Amino acid sequence: MINLDKLVRENVKNLKPYSSARDEYMGDASIYLDANENPYNVPYSRYPDPLQRQLKAKIAEVKHVYPENIFLGNGSDEPIDLLIRAFCEPKIDNIVAIDPTYGMYQVAANINSVEYRKVLLSEDFSLDTSKILSAVDSNTKLIFLCSPNNPTGNYLDENEVIKIIKNFEGIVIIDEAYIDFSGKKGFLRNLKDYQNLVILQTFSKAWGLASIRLGMAFASRHIILYLNKIKYPYNINYLTQQNALEALNKKDKKEDWVQYILANKLQLMEQMQTLRVVKKVFSSDANFFLIKVDEPKLIYEYLVEHKIIVRNRSNVSLCAGCLRITVGTQEENDLLVKMLNMF
Ligand SMILES: *Cc1c(COP(=O)(O)O)cnc(C)c1O
């Protein structure tokens, strides 16, 4: 059994958080004269709910979890940063993560002066569990996994992930930003089994709402309480909360988009296979995939010249020669294929 109070930083454990007007009175009153707001221009004049209760209730319903197991952040970037700040003592503690993966974990670690230990995936991008566990020492507080992983696109083997969760006496974070595209259930249903599990999801990909900046962290109540303790009081603005509620109320639209994007992905991948410049098309459980080419930089620049931007990942571990392609609209995908065919 993990003792979260021992794992968390001492200053965070002892912190007396800022108490906003909306924290001190949470009921439903008719006259609010407590927050120095302008009384006109309702609803925008009012501070938003610091704990986003209406939105969390809706997310809880859609995701089949309890509201007290949800933390909402300004993108996934916020919980990534807050988890590091809650658990990692700068210059003492460390983080272990798979490599290659999403760059933000390392940036957030660097900002917080926390050592970041990269553990290479296997050649086929699968998880090397024993290598991960042997990179851990007594100062390792967090392990970052990403499934489906960015930029490799593969869903990590669930049994291997569970081995890590069970054998690590710290927090395991699984970033499921692309879970909706994977056809897999992911780890939300395992939340109640593990005190040390955090699952990150986002409105930025399948939901089509990258601009509203809304990320979700799901975890045991204890971890959520620590995140709430150190977040900015009104971290999710009113417009974002309203917009997300609207999207959740018509989630069929998201599911239709996912199906449509997946069909387009299949078509685009098939077309890619036929191109002379493409040496390999990697399989993917997300809405993007890697292709291997002989001259990634040249092809990247050629595409830029024709106003098509892909991501050059050829300098990333295990991804030599690789470009990462996001599945776009049918028209966009067709243009990409056409331009690559003419290279
Ligand atoms: C795109 C992406 C996110 C989303 O980040 P937001 O801050 O929520 O927009 C998170 N994790 C990974 C691995 C991603 O690729």
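The values are calculated or read from the model by the stated rules, or taken from the named source; none is laboratory data. Just so we're clear, the structure is a prediction, and the values are computed from it rather than from any experiment. Because the Cβ atoms are built from the backbone with ideal geometry, glycine has one as well, and the counts that use them run over all protein chains shown. Surface areas here come from the heavy atoms of the whole protein model, side chains and all, with no ligands, DNA or RNA. Shrake-Rupley method; radii C 1.70, N 1.55, O 1.52, S 1.80 Å.
A few points about this structure:
- Taking only protein heavy atoms and a 1.4 Å probe, the accessible area of the chain is 50% carbon and sulfur.
- Spacing of the modelled spin labels on Glu270 and Tyr32, each 7 Å from Cα toward Cβ, amounts to 5.4 nm.
- Potential extension, Arg221-Leu133 segment - 0.36 nm per residue separation minus Cα distance: 29.1 nm
- For the chain, a Gaussian network of Cα nodes joined below 10 Å ranks Asn74, Asn41, Asn196 by mean-square fluctuation, and the top entry is Asn41.
- When only the Cβ of Lys, Arg, Asp and Glu is charged (+1, +1, -1, -1), the dipole of the range 1-160 relative to its Cα centre reaches about 340 debye.
- The charge dipole of the chain, taken about the Cα centre with unit charges on the Cβ atoms of Lys, Arg (+1) and Asp, Glu (-1), comes to about 100 debye, rounded to the nearest 20.
- With a Förster radius of 30 Å applied to the beta-carbon distance between Tyr40 and Asn14, the computed FRET efficiency rounds to 0.15.
- Extending 7 Å from the Cα toward the beta-carbon at both Glu68 and Gln330 defines two label points whose distance is 4.9 nm.
- Ordering Cys146, Ile84, Asn159 by the projection of their Cα atoms onto the charge dipole of the range 70-178, which places +1 on the Cβ of Lys and Arg and -1 on the Cβ of Asp and Glu, puts Ile84 at the extreme positive end.
- Whole-angstrom gap from the range 43-82 to the range 256-295, using each part's C-alpha centre: 34 Å
- Span from the the range 112-155 Cα centroid across to the the range 183-242 one, whole angstrom: 21 Å
- Rounded if a/c under 1.5, otherwise prolate or oblate - the chain, Cα gyration tensor axes: oblate
- Between Lys280 and Asp124, residue separation times 0.36 nm minus the direct Cα-Cα distance comes to 54.8 nm.
- Cβ-isolated cysteines (cut-off 4.7 Å), the chain: Cys88, Cys146
- Where labels lie 7 Å past Cα in the beta-carbon direction, separation of Asp193 and Glu115 in nm: 3.2 nm
- Fraction of beta bridges assigned by DSSP in the chain that are antiparallel (%, nearest 5): 50 percent
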